[in-house]
Amino acid sequence: MVKNDIPLSVRGLCKRYPSFELRDVSFDLAPGKITGFIGRNGAGKTTTLHSILCFVKPDEGEVAFGGLTMADSAAQIKQHIGFVSAGMSYYTAKRLRTITAVTRSFYPAWSDEAYRRYMGLFGLEEEKTPAQLSNGMKIKYALALALSHGAELLLLDEPTSGLDPISREELIEIFLALREEGKTILFSTHITSDLEKCADRILFLQKGRLTADRELNDFAASYSLLSCQGDAPGEIKPFSLGQRRTKDGCTVLVEKKAADAFSLPFRQPTLDEIMVHLEKEDRP
Amino acid sequence: MKLLKKEFRLCVHPAAWMMLALGALILTPNYPYAVSFFYMTLGIFFICLSSRENHDAAYTLTLPVSRRDMVRGRVLLSCCLEGLDLAVCAAFIVLKNLIGGGKNAAGMDANLALLGEGLLLFSLFHIIFFPAWYKDIAKVGKPFVAASAAVFLYIVLALVSTYALPFVRDCLDTPDPAHLPEKLLFLLLSAGCYGLCTALSIRWSARNFEALDLQ
């Protein structure tokens, strides 16, 4: 069994494409915690996850799990990782029973008891095919497979995208239950409201660069959102981290310590508001 | 073996099994029998095509296996299907000789050397198709067209050789059991070529696949 205080360590990850570049992404995942991985579409979240899993070859950088590096020990490390992606649907015409039988054979630590428990918990039937499952059920099936082989680390790529609010809430409850079992989760999404309900930590990726790696509460509490009637006063501009129009005027994101300097109403922004304002400022 | 089991249970397209039945073309009078081996390469093409549609590579990459093993699994699956195809053809060769099929005017007779001709065809397919496909597994058509062009050229040359090359005309293209030692030697050399080309194909394919970014 691979064990280490830090279940996943990413160092200096770089990947260059003609129109996009992932630049020097480094972070450690806290064990037994849910880490939210946020950023707008195209920020590089999926590229980062795919680099971790060797779907793409990073130009530079290292991914380590429990003291082993992905470059040298990918097969060994993957015994301990589960990957769940909303965009994937494998072998749509095969029965879940068949896919499970094949998957089981690759994992010595596979637990039939855990598999039956999760299939029952998620309301999945083995005689169905992936084509007969809703998107939410496909994600639950992928989770059931990952959890049955004893994955300690779950990499979730937009697992709640395209799901209705009730299915999203169900999944978030599942993630919270898994956290209580000691699983480490990296939850990539652009639906930040989901993370506010479950994440302990936030990684914020902007244009291929990691611009924040903080506790969720600290991250949200470090900003203030000023509300302005009409245009923002000129003296705010040097402190503005991002500005957005509203139907009554505009809102300006500033660092919390700067908010008291202005005689404007302010409050703590949501993750969504932080992301939108920062992205707006960043846009050329 | 786990990957081969996975290939058989999740990846084999029904068309590949249907192609096996086309070994029965050997019963057709005056037909270029090597074409029946081409149909199996078409079955392999369907497997690769459906693998793409079923996100097979993305699924397999999440399993604790290396990319090199993934390539080995797929090529080994092809070898198993080709072996079955050769066995089916061998059965029809025996049947044709039992019912007295006679001389084939369109290439090699239904005999032991025909199996060697099949092995050479599969060798050519392996060495062209798999390394090209593993450069970009999203594009299955172009590698198959390139491999098929080479295979059809080979079929034409093999057919012409039954008229133009004295050794082929007088020794190999004869009803069994005439010239059995020469045919056996040709079969063994073809098997050697098949093994070599398959090994090279795995090596080159793995090198290409390891450099490939999957999106």
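Observations on the structure shown:
- Cβ neighbours within 10 Å from other chains - mean over A:48-54: 2
- Centre-to-centre separation between the Cα atoms of region A:1-78 and those of region B:74-135: 46 Å.
- Helix-only CD estimate at 222 nm, as mean residue ellipticity for chain B, using -39500 (n - 2.57) per DSSP H run (n ≥ 4): -23500 deg cm²/dmol
- Per-q log10 I(q)/I(0), region A:27-145, q = 0.12, 0.20 Å⁻¹ (Debye; single scatterer per alpha-carbon; no solvent): -0.55, -1.29
- Distance cut-off 31 Å, percentage of C-alpha pairs in the protein assembly as shown lying past it: 56
- Here the Karplus curve 6.51 cos²θ - 1.76 cosθ + 1.60, taken at θ = phi - 60°, turns the phi angles of region B:131-142 into couplings of x, 5, 5, 6, 6, 7, 6, 6, 10, 8, x, 4 Hz, with x standing for Gly and Pro.
- Here A:Cys54, B:Cys193, B:Cys80 are placed in order of increasing Cβ neighbour count within 10 Å, fewest first, which gives B:Cys80, B:Cys193, A:Cys54.
- Here the Karplus curve 6.51 cos²θ - 1.76 cosθ + 1.60, taken at θ = phi - 60°, turns the phi angles of region A:164-170 into couplings of 6, x, 5, 5, 5, 4, 4 Hz, with x standing for Gly and Pro.
- Between 0 and 90°, nearest 10: helix B:34-53 axis offset from chain B longest Cα axis: 10
- Computed over region A:223-282: relative contact order in percent, which uses C-alpha pairs under 8 Å that are six or more apart: 45
- Taking amide H atoms as placed 1.01 Å from N in the peptide plane, the amide H of A:Leu203 lies under 5 Å from those of A:Gly36, A:Phe37, A:Ile38, each 5 or more residues away in sequence or on another chain.
- Flagged links, alpha-carbon separation over 20 Å, of A:Lys45/A:Lys128; A:Lys94/A:Lys183; A:Lys247/A:Lys280; A:Lys33/A:Lys207: A:Lys45/A:Lys128; A:Lys94/A:Lys183; A:Lys33/A:Lys207
- Pair-distance distribution of region A:45-108: all C-alpha pairs, bin width 5 Å, starting at 0; shares per bin in whole percent are 3, 13, 22, 21, 18, 14, 6, 2.
- Among A:Gly249, A:Ala199, A:Asn217 the positive-end extreme of the charge dipole of region A:176-270 (Cβ point charges): A:Gly249
- Residue-averaged [θ]222 nm for chain A, counting only DSSP H segments that reach four residues, each worth -39500 (n - 2.57): -9500 deg cm²/dmol
- Backbone phi angles across region B:99-106, fed through the Karplus curve with coefficients 6.51, -1.76 and 1.60 (θ = phi - 60°), yield HN-Hα couplings of 8, x, x, x, 6, 9, 8, 10 Hz in residue order; Gly and Pro are listed as x.
- All distinct Cα pairs of chain A go into the 1/r average, and the inverse of that average, the Kirkwood radius, is 20.3 Å.
- Kirkwood estimate for chain B, i.e. one over the average of 1/r between Cα atoms, Å: 17.8
- Scanning residues 5 or more positions from A:Ser85 or on other chains, those with amide H under 5 Å from its amide H are A:Asp157, with H placed 1.01 Å from N in the peptide plane.
- The amide H of A:Gly242, built 1.01 Å from its N in the peptide plane, has A:Leu253 as neighbours under 5 Å, considering only residues 5 or more places off or on other chains.
- Considering only trypsin sites (Lys or Arg not before Pro) in DSSP loops that have at most 15 other Cβ atoms within 10 Å, the longest stretch of chain B without any of them is B:1-102.
- Region A:183-247 versus region B:182-215: alpha-carbon centroid distance in Å: 54
Quick note: the coordinates plus some simple rules give every number you see, no bench work behind them. Source: prediction; values computed, not measured. Neighbour counts run over all protein chains shown; Cβ positions are idealised from the backbone, glycine included.
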